[in-house]
1. Could you state the angle between the C-alpha long axis of helix 4-17 and the longest principal axis of the C-alpha atoms of the chain, as a value from 0 to 90 degrees rounded to the nearest 10?
2. Rounded to the nearest 5, what % of the DSSP beta bridges within the chain are antiparallel ones?
3. If a/c stays under 1.5 just call it rounded; otherwise compare a/b with b/c (prolate if a/b is bigger, oblate if not). Do that for region 46-126, with a ≥ b ≥ c from the square roots of the Cα gyration tensor eigenvalues.
4. In nm, to one decimal, how far is the residue 246 label point from the residue 212 one, both placed 7 Å along Cα→Cβ?
5. Which peptide among 175-181, 220-226 comes first, and what is the full order, when sorted by highest mean count of other Cβ atoms within 10 Å?
6. What is the Cα centroid distance between region 20-66 and region 231-283, reported in whole angstrom?
7. Working from the pairwise distances between different alpha carbons, so that the mean of 1/r is found and then inverted, what is region 1-146's Kirkwood radius in Å?
8. I'd like the Kirkwood hydrodynamic radius of region 79-152, using the inverse of the mean 1/r over distinct C-alpha pairs, in Å.
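Every number here is computed from the coordinates shown, using simple stated rules; none is lab data. If you're wondering where the values come from, they're calculated on a predicted model, not measured in any experiment. Note that each Cβ is placed from the backbone with ideal geometry, even for glycine, and that neighbours are counted across all protein chains shown.
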């Protein structure tokens, strides 16, 4: 599933070519992932693209109605979530259409903005400017902007496993399985650790590693481990820098121990048993106290 670095890469690509373009028409195929297909067909033609931004794992395309009455000229946001296999790319209108392409936005320069999604686990909706703040409030903190103090507040008192909290989009927006595993490895923290048992130094290390991993992944245009490509159809390169994710049985880059995989919070979690010591069981803690 595309995570923050992949979505940021797509956004940066679209930001180069979309602002200033006008959407002339909308063509839809399968629509089960669109909140209101009729609204897309009725409200988007004739709108001008103002900007493209990222809200966690969501792509937000700002639109301004052109030539409409003031009472209907509220700015709109086309919100797109790529799900597991979604791709949002610009192509000349005459280019061959890949299978599973379900949405076509015809642009005034002869191109189309196309949405392709094999599994259709993505989401597409229109949000008026008056409700975009409410939409953002439902998302967690931006991991590239969160301060150490806020990070410690959100994690330090929680009784959940730290991997589960990293994946909780209500706490941090945009972090998924790949970058949670890589961040925990860099910080030397086992994914099953209970967050409130982490020391201040460990929380600081995790805060730093999350930011460093995400920044590096953005620089390398994301991880193409499945269907992900950027807005021009190019694959990312950060998958060649993975240290634990999907490396079960391979040697750790630090200590040469074999990488292991366990299920934490219902998700596969990859870690090094030496570099990321497992939390002690209650039985072991009680035994330690008696001795």
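1. Compared with the principal axis, the helix lies near 30 degrees.
2. On the way: 45 of 47 bridges.
The antiparallel fraction comes to roughly 95 percent.
3. Numbers: a/c = 2.47, a/b = 1.37, b/c = 1.80.
Oblate, because a/c is 1.5 or more while a/b does not exceed b/c.
4. 2.4
5. Numbers: 175-181: 24.9, 220-226: 19.4.
So the peptides 175-181, 220-226, ranked by packing, come out 175-181, 220-226.
6. Cα centroid of region 20-66 versus Cα centroid of region 231-283: 38 Å apart.
7. On the way: mean 1/r = 0.0643 Å⁻¹.
Every distinct Cα pair counted, the radius reaches 15.5 Å.
8. On the way: mean 1/r = 0.0670 Å⁻¹.
The answer is 14.9 Å.
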